[in-house]
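Written below as structure tokens is the structure these notes are about.
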Amino acid sequence: MKTNLNKLLTAIMLCSVLLVALPGIGIAAAQEGETLDIYGNANEDDIIDMRDLTFTARIILRLEDPTDLADANYDGRISVADMTQIGLIILGRESKLTFVDYDGVVETVHMPLNRIVTTADYHAEACRIVGAKDRIVGVDEMVLDLPVFFPDLSELPSVGSFMGYDIETILELEPDAVILAKREWLMYSDPELEDKIEDAYPGIDVFVLMPRDPDTIRGEMMKFGYLFDGVESARNYVEWSDDIENEIMEYVSGIPEDEKTTVFMDEKWGRTTTQRTIGGNMSGTSMIECEPAGGINICADLPGNQVSVEVEWLLDQNPDVIIGSEYGLRGYETDDISSIKTYYEEIIGLPGFKEEMDAVKNGRVHIIDMSITRGCKNLVGTAYMAKWFYPDIPLDPIEIHQNYLDEFCGGLDYDVREHGIFVYPPLEES
């Protein structure tokens, strides 16, 4: 086995040397925002492949300027040893992998990572996409609360939630890796959690990944692919996302700015907020964004992270569309429409809305479950919004939603045409 591996590495190295020798060969660095932050990605594009070997060889020969990520083995210098490490990464045979995690911390992990503890539902979802579902040994409470969407993973031991993680359970599970969300969020549970895990069991790799935000999810998913032997699956997901996003952008780019749909994004957490009245408030910011779907958020320029606006101000602004978003609608876990319908009726029943608000009079008030607007499913939510903003766009959100489940959810048997509550009023299939 070792002899065969050496032969493969030798062949890869020879190919890279031959490419270097060809006149005019140059490997351009990627544009800003596209870089896969894994050491070994020498040419700073979105994948590690033969071009990185060639680029590293050219750096060694002083034909290219050095890049930080060319130091594949992270020893502070660029040498033939880095070419060997790149070859091992390409083959999926590396014993260590160094990358920049979501918080910007350089992490070196011991490969392979066969036992994983996830601390957020989007970690579990990302693992499932790259084929690493069976490596998960512990999950957070959110996964346990989603037995329909996570039929297998919801049976695993719980390690707590972002309000408090159970370090004893984590250690008892003997994981190779613990995936955290943002370190700043540990303030809600235990700011020293990472240090406590690593001090108690130095062999556990602890790092932050966030396959949650639309702006960074592609790079995060590719990291999942390299960390858990699912690069091809991660690439398939990224290409699927790009296809949908490009289709929306192509349509929206032809619409003059002053003709784009204006939107108010209402956000209602759970069912615990105070009933709104004429003197009450509606939230003016949202965890979900309407801009990727071609909408113009009328509250985008208001200061602060959590902005409240008077209902009277909303009547003056008179947006084309109002979208209410809530995480507690249960999405895949229910077929009961009553909760989402109540939220819809609450918005259209606000004082003056039926008489003066164009969005209400024109039937352009919509409710969306946040479960399809964040994480790996974020483009499903974007597709629904694009259809609401521009009904003529040649896009079928229901088909996109079903395609996501069929292609990326590990054999999940679920038909969104028959089950689940994701939007209201229901969208008719194209």
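Values quoted throughout were computed directly from the atomic coordinates according to the rules given, and no laboratory measurement underlies them. What you are looking at is a predicted structure, and each value in this text was computed from that prediction instead of being measured. Cβ sites come from the backbone with ideal geometry, for glycine too, and all protein chains shown count toward neighbours.
Remark: L63, L36, L427 ranked as L63, L427, L36, counting other beta-carbon atoms within 10 Å and listing the fewest first.
Does anyone have the angle between helix 217-227 and the longest principal axis of the chain? Alpha-carbon axes, 0 to 90°, nearest 10? On a 0 to 90 degree scale, this one is about 40. So how tilted is helix 2-21 from the main axis of the chain? Cα-based, degrees 0 to 90, rounded to 10. The helix 2-21 is inclined about 80 degrees to the chain. In summary, the aspartates and glutamates within cross-link reach of K260, defined as a Cα separation below 16 angstrom excluding same-chain residues under 8 places away, comprise E250, E289, E291, D320, D358, D392. For the stretch 166-179, backbone phi angles converted through the Karplus equation (6.51, -1.76, 1.60; θ = phi - 60°) give residue-by-residue couplings of 9, 5, 5, 5, 4, 5, 5, 6, 6, x, 7, 8, 10, 9 Hz, Gly and Pro being listed as x.
Of the peptides 341-352, 379-390, how do they stack up when ordered by the mean number of other Cβ atoms within 10 Å, highest first?
Values: 341-352: 15.6, 379-390: 25.0.
Ranked by mean Cβ neighbours within 10 Å, highest first: 379-390, 341-352.
As a test, work out the antiparallel percent of DSSP beta bridges whose residues both lie in the stretch 250-424, rounded to the nearest 5. Once the DSSP bridges in the stretch 250-424 are tallied, antiparallel ones form about 30 percent.
Run through the DSSP bridge list for the chain and note the antiparallel percent, rounded to the nearest 5. Given both bridge residues lie in the chain, the antiparallel proportion sits at roughly 35 percent.
As a length-normalised measure over Cα pairs under 8 Å and 6 or more apart, the relative contact order of the stretch 250-424 settles at 24 percent.
The label point for D392 and the one for L427, both projected 7 Å from the Cα toward the Cβ, are 1.9 nm apart. Across the chain, C-alpha contacts under 8 Å between residues 6 or more apart give a mean separation that, scaled by the residue count, equals a relative contact order of 11 percent.
Quick one: if the Förster radius is 41 Å, what FRET efficiency do T216 and T342 give, using the C-beta to C-beta distance and rounding to 0.05? Efficiency at R0 = 41 Å is approximately 0.75.
Packing, as the average of other Cβ atoms within 10 Å across residues, places the peptides 409-415, 323-329 in the order 323-329, 409-415, highest first. The slack between D134 and V307, meaning 0.36 nm per residue of separation minus the straight C-alpha distance, is 58.1 nm.
Rounded to whole Å and ordered largest first, report the semi-axes of the equivalent ellipsoid of the chain derived from its Cα gyration tensor (root of 5λ). Numbers along the way, then the final one.
Values: eigenvalues 372, 136, 75 Å².
Semi-axis lengths for the chain are 43, 26, 19 Å.
If R0 equals 41 Å, the separation of the Cβ atoms of D103 and E355 corresponds to a calculated FRET efficiency of about 0.25. Computed from Cα atoms, the angle from the helix 50-60 axis to the main principal axis of the chain rounds to 60 degrees. Per residue, the convex hull spanned by the Cα atoms of the stretch 116-229 amounts to 94 cubic angstrom.
Taking the mean number of other Cβ atoms within 10 Å as a proxy for protection, how do you rank 113-124, 396-407 from highest to lowest? Please list the in-between numbers first.
On the way: 113-124: 23.8, 396-407: 18.4.
The packing order, highest mean first, is 113-124, 396-407.
Applying Stokes-Einstein at 4 °C and 1.567 mPa s to the Kirkwood radius of the stretch 30-75, computed over alpha-carbon pairs, gives a translational diffusion coefficient of 126 µm² s⁻¹.
Distance between the C-alpha centres of the stretch 92-158 and the stretch 338-405: 31 Å, rounded to the whole angstrom.
Please work out whether the stretch 250-424 counts as rounded, prolate or oblate from its C-alpha gyration tensor, where a ≥ b ≥ c are the square roots of the eigenvalues and a/c under 1.5 means rounded, while otherwise a/b larger than b/c means prolate and anything else oblate? Could you put the intermediate results ahead of the total?
Working: a/c = 1.86, a/b = 1.32, b/c = 1.41.
Oblate is the answer for the stretch 250-424, as a/c is 1.5 or above yet b/c matches or exceeds a/b.
With both partners inside the stretch 116-229, how many of the DSSP beta bridges are antiparallel, as a percent to the nearest 5?
On the way: 2 of 12 bridges.
Looking only at bridges with both residues in the stretch 116-229, the antiparallel portion is about 15 percent.
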